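So the structure is just underneath, and the comments pick up after that.
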Amino acid sequence: MADLNNTQFYDLEPVEEPKKRFLFPKKVVWAFVVVVLLALIAVIALVVRSRMQPEPLPGINPNAIVDLERNLAACETAEDTETCRTQARQDAARTTGEAAMCKELFGGDYDNCVELIARDRVDATLCDLLSTESQGTCHDAVVLLESVQQKNYARCSDIVDVGVRRSCEDQLIPLLIDAGTCVTSGVDAVICDREKQMDQVIASGNVNECSQLADQGQIDLCESVFRSTDQDEDGISDFDEVRIYGTDPNNSDTDGDGYPDGVEIDGGFDPLT
């Protein structure tokens, strides 16, 4: 066993670890960190800004998009922000005539926006951009406008809705009669003659001639025109002057006493004496 009594011990001083030396001064490192952070913030700001800017639309004047964005911004203070924004987009779309301007709208608002442009441009192909349930209505409305604009009676047959098709034909026939092309445009000669006679009766200003028309439907229509007409502006319709009071529809003071027929009738006086 070792004898420790004669063993000499020495006190050892602690050894200090060597201080770490930085390759770059601390100030330089912190400056670099700050520069990196600022660069990162700048990049984020550019990304956010680019997303906030209006997306360019092919074929559309950039100024129109700028105007739209300005109007949309103004809508933020409107009483009904969403309605204002919808109207702003529709107005911009109609001003440019571009259906692409409607793309931020949804559902019925989108359909309405595109249909307005289709009507303005008289372009039925734009109706294909609508939802299935809205395409038919849009197509019929645009074809009606196109038919009347071009005085194309045959085009009315492409309208699906019976009521709209009839309206197309009814609007075109008087135009074709005036142009002298009613029969050559494909309208039945009998219809052309009946409508021409109707126009002549109405132009005559004589409600009694309505009874000379071919059928009761035409007679009723003719009389309804005179019920809504007041040629001498005395407050009494031409129909009532002729059929009820016997006054002159072309003379506001039939008896020449200085009082209009309408005033005398309303006051309970005889407009003929």
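What tally of residues in region 250-273 results from selecting those that are part of a loop (DSSP other than H, G, I, E, B), surrounded by 14 or more Cβ atoms within 10 Å (Cβ to Cβ) and of a type in the set (A, V, I, L, M, F, W, C)? The qualifying residues number 1.
Would you tally the residues in region 215-249 being among the hydroxyl-bearing types (Ser, Thr, Tyr), surrounded by 14 or more Cβ atoms within 10 Å (Cβ to Cβ) and not in a helix (DSSP H, G or I)?
If we filter region 215-249 for residues that are among the hydroxyl-bearing types (Ser, Thr, Tyr), which is where we start, we get 224, 228-229, 237, 245, 247.
Imposing the further condition that a residue be surrounded by 14 or more Cβ atoms within 10 Å (Cβ to Cβ) reduces the set to 229, 237, 245, 247.
Now restrict to residues that are not in a helix (DSSP H, G or I): 229, 237, 247.
Total meeting the criteria: 3.
Selection of region 105-126 for residues being under 26 Å from Pro62 (Cβ atoms), without any contact (Cβ under 8 Å) to a residue 24 or more places away in the chain and crowded, with 16+ Cβ neighbours inside 10 Å yields Leu105, Asp109, Tyr110, Asn112.
So if I check each of Leu144, Leu129, which one is crowded, with 18+ Cβ neighbours inside 10 Å, farther than 24 Å from Ile177 by Cβ, touching a residue at least 12 places away in the same chain (Cβ under 8 Å) and of a type in the set (A, V, I, L, M)? Reasoning before the result, please.
Details: Leu144 fails: farther than 24 Å from Ile177 by Cβ.
Just a single option satisfies the conditions, and that option is Leu129.
Against the definition (touching a helix residue (DSSP H, G or I) at 6+ places or on another chain (Cβ under 8 Å), in a helix (DSSP H, G or I) and surrounded by fewer than 18 Cβ atoms within 10 Å (Cβ to Cβ)), how does Gln171 come out, yes or no? So Gln171 fits the description; yes.
Would you confirm whether any residue within region 185-197 is of a type outside the set (S, T, N, Q), within 22 Å of the chain's Cα centre (by Cα), surrounded by fewer than 16 Cβ atoms within 10 Å (Cβ to Cβ) and assigned to a loop (DSSP other than H, G, I, E, B)? If you could, list the steps in order and put the result at the bottom.
The initial filter retains those residues of region 185-197 that are of a type outside the set (S, T, N, Q), namely 186-196.
With within 22 Å of the chain's Cα centre (by Cα) added as a condition, the list becomes none.
Within region 185-197 (the criterion being of a type outside the set (S, T, N, Q), within 22 Å of the chain's Cα centre (by Cα), surrounded by fewer than 16 Cβ atoms within 10 Å (Cβ to Cβ) and assigned to a loop (DSSP other than H, G, I, E, B)), the answer is no, since none of the residues qualifies.
Looking only at residues in region 223-256 that are touching an Asp or Glu at 6+ places or on another chain (Cβ under 8 Å) and hydrophobic (A, V, I, L, M, F, W, C), the one that is farthest from Pro271 (Cα to Cα) is Phe226. Residue by residue through region 68-126, note down the ones that are in a loop (DSSP other than H, G, I, E, B) and either under 22 Å from Ala141 (Cβ atoms) or touching a Pro at 6+ places or on another chain (Cβ under 9 Å) (or both). Gly97, Glu98, Lys103, Leu105, Phe106, Val122, Asp123 - these are the residues of region 68-126 that are in a loop (DSSP other than H, G, I, E, B) and either under 22 Å from Ala141 (Cβ atoms) or touching a Pro at 6+ places or on another chain (Cβ under 9 Å) (or both). In a residue-by-residue description of region 29-48, the property of being part of a loop (DSSP other than H, G, I, E, B) and at pLDDT below 85 applies to no position.
Out of everything in region 213-230 that is out of contact with any Cys (no Cβ under 9 Å at 6 or more places or on another chain) and modelled with pLDDT of 90 or more, what residue ends up being farthest from Gly262 (Cα to Cα)? It would help to see each step written out before you state the result.
Start the filter on region 213-230 by keeping residues that are out of contact with any Cys (no Cβ under 9 Å at 6 or more places or on another chain), which leaves 214-217, 224, 227-230.
Filter once more, keeping what is modelled with pLDDT of 90 or more: 216, 224, 227-230.
Details: Gln216: 30, Ser224: 20, Arg227: 15, Ser228: 15, Thr229: 14, Asp230: 11 Å.
Among them, the one singled out is Gln216.
Scanning region 153-167 for residues that are buried (at least 16 other Cβ atoms within 10 Å of the Cβ) and either of a type in the set (Ser, Thr, Tyr) or part of a helix (DSSP H, G or I) (or both) turns up Tyr153, Arg155, Cys156, Asp158, Val164, Arg165, Ser167.
For the structure I just gave you, tell me whether Gln200 is assigned to a helix (DSSP H, G or I), under 30 Å from Thr247 (Cβ atoms), touching a Lys or Arg at 6+ places or on another chain (Cβ under 8 Å) and not basic (Lys, Arg). So Gln200 fails the test.
The values are calculated or read from the model by the stated rules, or taken from the named source; none is laboratory data. Because the structure is a prediction, the values reported are computed rather than measured. Cβ coordinates were reconstructed from backbone atoms using ideal geometry, including for glycine residues, and neighbour counts include every protein chain displayed.
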